[in-house]
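Every number in this text was worked out from the coordinates using simple rules, so none of it is lab data. If you're wondering where the values come from, they're calculated on a predicted model, not measured in any experiment. Cβ: placed from backbone, ideal geometry, glycine included. Neighbour counts: every protein chain shown.
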Amino acid sequence: MEKIILIGFACSGKSYLGRRWAEEQGCPFVDTDTLIEEHFGGQSSCSELWKRFGQARFREVEREVIFSLEAKEAVIATGGYVGTDRALMEHLRKDGQAIYLESSFEVVYERICKRGVPAYAREGDSFQILKELFLQRAPLYSRHSDLVL
């Protein structure tokens, strides 16, 4: 099995499906959000880290985490931004296949509300902020994927 990279919007099922797929395949599961949280000591969520350290520092650590991944056979769930970044995706896809987990905005928004609106969408109308981000990112996910589910 080659490396499988799951991309898509927040709450599209990357971590949920990734864990199950890795178990089924008998290979490691890697969640880049968890690696980011561990980088900062493991006591805070990505949303809290974003709020505390800001977008620039968060993205810097996210890039470090992605470029340090060494697993050749693994299922990797990425944060929602990763699938939009050409350099990160080129790095991940060198020895793997990217799968875009496509969802409707209504489905992911409902899941986001249950989990808690991320820090980057809390200033202003979170529905509108997330909807615009969703619409901006969807074509990039498609462009950087090998398969859409």
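How many of the residues in the stretch 100-123 are assigned to a loop (DSSP other than H, G, I, E, B) and loosely packed, with under 14 Cβ neighbours inside 10 Å? Walk me through it before giving the result.
If we filter the stretch 100-123 for residues that are assigned to a loop (DSSP other than H, G, I, E, B), which is where we start, we get 101-104, 116-118, 122-123.
Applying the additional criterion that residues be loosely packed, with under 14 Cβ neighbours inside 10 Å yields 104, 116, 122-123.
Of the residues in that region, 4 qualify.
Tell me, which residue of the stretch 132-149 that is crowded, with 18+ Cβ neighbours inside 10 Å and touching a helix residue (DSSP H, G or I) at 6+ places or on another chain (Cβ under 6 Å) is farthest from Lys94 (Cα to Cα)?
Applying the filter and picking the extreme gives Phe134.
Of everything in the stretch 118-130 that's in contact (Cβ under 8 Å) with a residue 12 or more places away in the chain and among the aliphatic types (A, V, I, L, M), which residue is farthest from Ser142 (Cα to Cα)?
Within the stretch 118-130, the match that is farthest from Ser142 (Cα to Cα) is Ala119.
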